Amino acid sequence: MIKKIQNFFKEFNSREDDEKRSGKIYAVTSLFDTPNEIMNASTEVADKGYKRFDTFTPYPVHGLDQAMGITNPLVGPIAFVGGILGCFLALLMIWWMSDANYPNIIGGKPFFALPAAIPITFEGTVLLTGIATVVGMLVLLNKLPKINNPLNDTEFMKHVSSDKFGIVIGANDKNFSETEVRDLFQSLGGHSIQNVYYRESNLTDKTPLFDSKFIMTLIAVAGLTALVSYFTLNYVLYEVVPFDWMRHQAKINSQSPSDFFPDKAGMRTPVEGTVARGFMPYEYKGLPDSAVRLLANPLPASKNILERGQDRYNIFCSPCHGYFGEGDGRMNDQFPKPPSLHNNKVLNWMDGNIYHVLTNGQNVMPSYESQISRDDRWAIVHYVRALQRSKNAKDQDLPK
Ligand code: HEC
C-alpha cells in the first residue's frame with residue numbers, strides 16, 4: 001500500500017510537462033549552486049536596473065531581500081489602513097446598535113460610552129488588520145492565487161525547490177533582452193540557463209481570481225451551499241430527534257391537559273407531607289388554646305425586636321384592636337368590636353396562646369399566618385406583652 005502511494009508520487013513528480021508551450025517568452029531562468037553565488041547574482045541583477053525578477057531558494061536565505069533591493073514592503077501601510085478601518089467600523093457598529101437603532105437603558109449608563117466599547121473595538125481592529133495583511137500580501141502584492149504560472153512544472157522549479165538556487169528575469173521587464181540576460185547569467189556563474197515560454201492555453205499574466213468563469217463557479221458554489229444548508233436544517237433535520245428545535249419540544253402550557261398522566265392533569269399535586277423549603281409548619285393548627293400552653297417565644301425581648309413588633313402591630317392589628325390594644329381601632333362599627341387585650345384572660349395567657357390566635361385565628365378574627373412571618377408574629381407577641389405591662393405598670397417598672 002505504502003509502496004503504491006510512493007510510486008504514485010514518484011510518477012507524478014517525474015511526469016513530463018505535457019502542455020504545449022507557445023513561442024511567447026515568459027522569462028529566462030538560471031540556476032546557481034551556493035547561497036553566496038545567489039546573493040552576489042541578486043545584487044548584480046538589481047544593480048543592472050532589472051525590476052521584474054525573482055529569486056528562488058530551497059530554504060530561507062537571510063539578507064536576500066536586501067540583496068534584491070526590496071526595501072519598503074507595502075504590507076505595513078496596508079495593515080495600518082486595515083486596522084484604522086476596523087477600529088472605526090467597530091465603533092460605528094456599537095454606536096449604531098446601542099445608541100441609534102436599539103437604545104436600551106442599562107443601570108442608568110450612557111447609551112454609548114468608550115470604556116464599554118473598547119473590547120469590541122480592539123477585536124474589530126485586530127480582525128481587519130489581520131485580513132488586510134493576508135489579503136494585501138497574497139492578492140494585492142503577490143498577485144496570488146496564480147495556478148497557471150508558466151514556471152510551474154519546469155526543470156528550474158524542481159531544482160530550486162530541492163537542491164539549487166535560481167533567478168528568473170521576466171520578459172515583461174522594460175530592460176529585457178534575451179541575449180543580454182543570458183550573457184549576464186553566464187558572467188555571474190549561472191548554469192542551466194533556459195527560456196521559459198507561456199503555455200498555449202494561457203498567454204497572459206492575469207490571475208484567474210477575476211476570471212468570469214471562476215467568479216461564476218464561486219457564486220454557484222456559495223448559492224448551492226446556502227440552499228443545501230437551508231433545506232437540510234429546515235426540512236431534513238427538522239424531524240430527526242436529536243436535532244429537533246427546542247421550541248417544538250413536548251411541554252404543557254398552563255391550564256392545558258396532559259396526555260401523559262391518566263388523570264389528564266398537567267400539574268402534579270406534591271407528595272403528601274411535602275414541605276416547602278424554608279417553611280415551618282404550625283403543628284397546633286386547628287387545636288384549642290390549651291394545646292399550646294407550652295409554646296415559648298423563641299425571640300429575645302430586645303429593643304430591635306420590640307420595635308419590629310410595634311411596627312407590625314400598628315400595621316396589622318391596630319385597625320381593630322387600637323394602637324394600645326383597648327379594642328377601639330379605626331374599624332369600629334364596621335367589624336365586630338374585639339375585646340381589650342388587657343382583659344384578665346389575655347393577661348393570664350401564656351405567650352403561646354397569643355401566638356396561637358395570630359396563627360390560627362379565633363372565631364371572627366382571621367388567621368394572620370400568610371400575611372405575617374413566623375418571627376414577626378413572635379415579635380408582635382412581645383409588643384402585646386409590652387402594651388399590657390404599660391397599662392398595668394407597677395412602681396418598680398418606672399425608671400429610677
Ligand atoms: C379585623 C379585625 C382584627 C384584626 C386586624 C386583629 N384582630 Fe385580634 N381579634 C379581633 C376580634 C373580633 C377578636 C375577638 C374574636 C373572638 O370573638 O373570639 C380578636 C381576638 C384577639 C385576641 C384574643 C382576645 C381574647 O380575649 O380572646 C388576641 C390576643 C388578638 N385578637 C390579637 C390580635 C393581634 C396581635 C392582631 C394583629 C396581628 C390582631 N388581633 C388583629 C379582630 C381583629
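Helix-only mean residue ellipticity at 222 nm, the chain, DSSP H runs n ≥ 4 weighted -39,500 (n - 2.57), per residue, nearest 500. What is it? After summing the helix terms and dividing by residue count, I get -12500 deg cm²/dmol. Placing R0 at 56 angstrom, the Cβ-Cβ distance between K24 and Q249 gives a FRET efficiency of 0.25 after rounding to 0.05. Compared with the dominant principal axis of the Cα atoms in the chain, helix 212-231 is inclined by about 30°.
Roughly what angle does helix 35-47 make with the longest principal axis of the chain, taking Cα atoms, 0 to 90 degrees, to the nearest 10? For 35-47 against the chain, the angle is about 80 degrees. The modelled label-to-label distance for the pair D259/I2, using points 7 Å beyond Cα in the direction of Cβ, is 6.0 nm. Spin-label model, L138 to K48: label points 7 Å out along the Cα-to-beta-carbon direction sit 3.4 nm apart.
Taking 7 Å steps out from each Cα toward its Cβ at M331 and N392 produces label points 2.5 nm apart.
For a label point 7 Å from the Cα of I84 along Cα→C-beta, name the residues of the stretch 90-125 whose backbone N is under 19 Å from it. Residues 90-93, 121-125 fall inside that zone. Rounded to the nearest 10 degrees, the angle from helix 114-135 to the longest Cα principal axis of the chain is 20 degrees.
Over the alpha-carbon set of the chain, divide Rg by the Kirkwood Rh and report the Rg/Rh ratio to two decimals. Provide the component values of the computation, followed by the final result.
Numbers: Rg = 46.9 Å, Rh = 32.9 Å.
Reported Rg/Rh (Cα atoms, Kirkwood Rh): 1.42.
Positive-end ranking of G63, L91, V228 along the dipole of the chain, with charges on Cβ about the Cα centre, is headed by L91. For the chain, leaving out every one of the GluC sites (Glu not before Pro) that falls in a DSSP loop and has at most 11 other Cβ atoms within 10 Å, the longest unbroken run is 17-271.
Please tell me the relative contact order of the chain in percent, rounded to the nearest whole number, where contacts are Cα pairs under 8 Å and at least six residues apart. That works out to 18 percent.
Between the stretch 87-126 and the stretch 163-237, the C-alpha centres lie 43 angstrom from each other.
Over the stretch 109-264, what is the mean sequence separation of C-alpha contacts under 8 Å (at least six apart), divided by residue count, expressed as relative contact order in percent?
On the way: 39 pairs, mean separation 25.9, N = 156.
It comes to 17 percent, rounded to a whole number.
Where a number appears in this text, it was derived from the coordinates with a stated rule and is not lab data. No experiment lies behind these values; they were computed from the predicted model shown. Every residue, glycine among them, receives a Cβ derived from its backbone with ideal geometry; neighbour counts consider all protein chains shown.
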